[in-house]
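Right, one structure below, let's go through it.
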Amino acid sequence: MDQENFQETDLSLEIKDDSLGSIHINHDVVASIVNLAAREVNGVVAVGSGGLKEDLAGLIGKKSGVVISEDEDSGYVIGVKLVLTFGVQLAKVAQEVQYAVKEKVEFMTNQQVARVDVTVEGVRYPEPEEDSNDE
């Protein structure tokens, strides 16, 4: 695809196809992919700062802790804030998140990811999992 097939909007990336119409991928959709991909990585406790503000934002559907934009070549530039498990190698887990996010976003959107910037906002013990056999 060449540069003239892309058009940037504030909230989505538009991929034009004159023969069939156009496809828009909303940044909120990409943020959801980032959120889910990051949470799949072992050692990630939360996306965002893990505070009450992020918890409330998550309840109303906002993807706090993830910022999506595009570079001049229409590649996604992704910023993600994480809370990681106490005791893990922070840089290693952050790098695993970078790879996971890049792979999932490129696969699901068919668009290039120019960069994934990870900020470790904190560390904490993971939430204890409830045992479903205790009744």
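Coordinate-derived values only; no laboratory data. Computed from a predicted structure; not experimentally measured. No Cβ is skipped: glycine too gets one built from the backbone with ideal geometry, and neighbour counts run over all protein chains shown.
Taking 22 Å as R0, compute the FRET efficiency from the Cβ-Cβ separation of Asp73 and Glu40 and round it to 0.05.
Details: r = 28 Å, r/R0 = 1.25.
So the FRET efficiency works out to roughly 0.20.
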Linear extension gain, Gln95 paired with Ile23, 0.36 nm per residue minus alpha-carbon span: 22.8 nm
q = 0.12 Å⁻¹, segment 26-124: log10 I(q)/I(0) [Debye, one scatterer per Cα]: -0.34
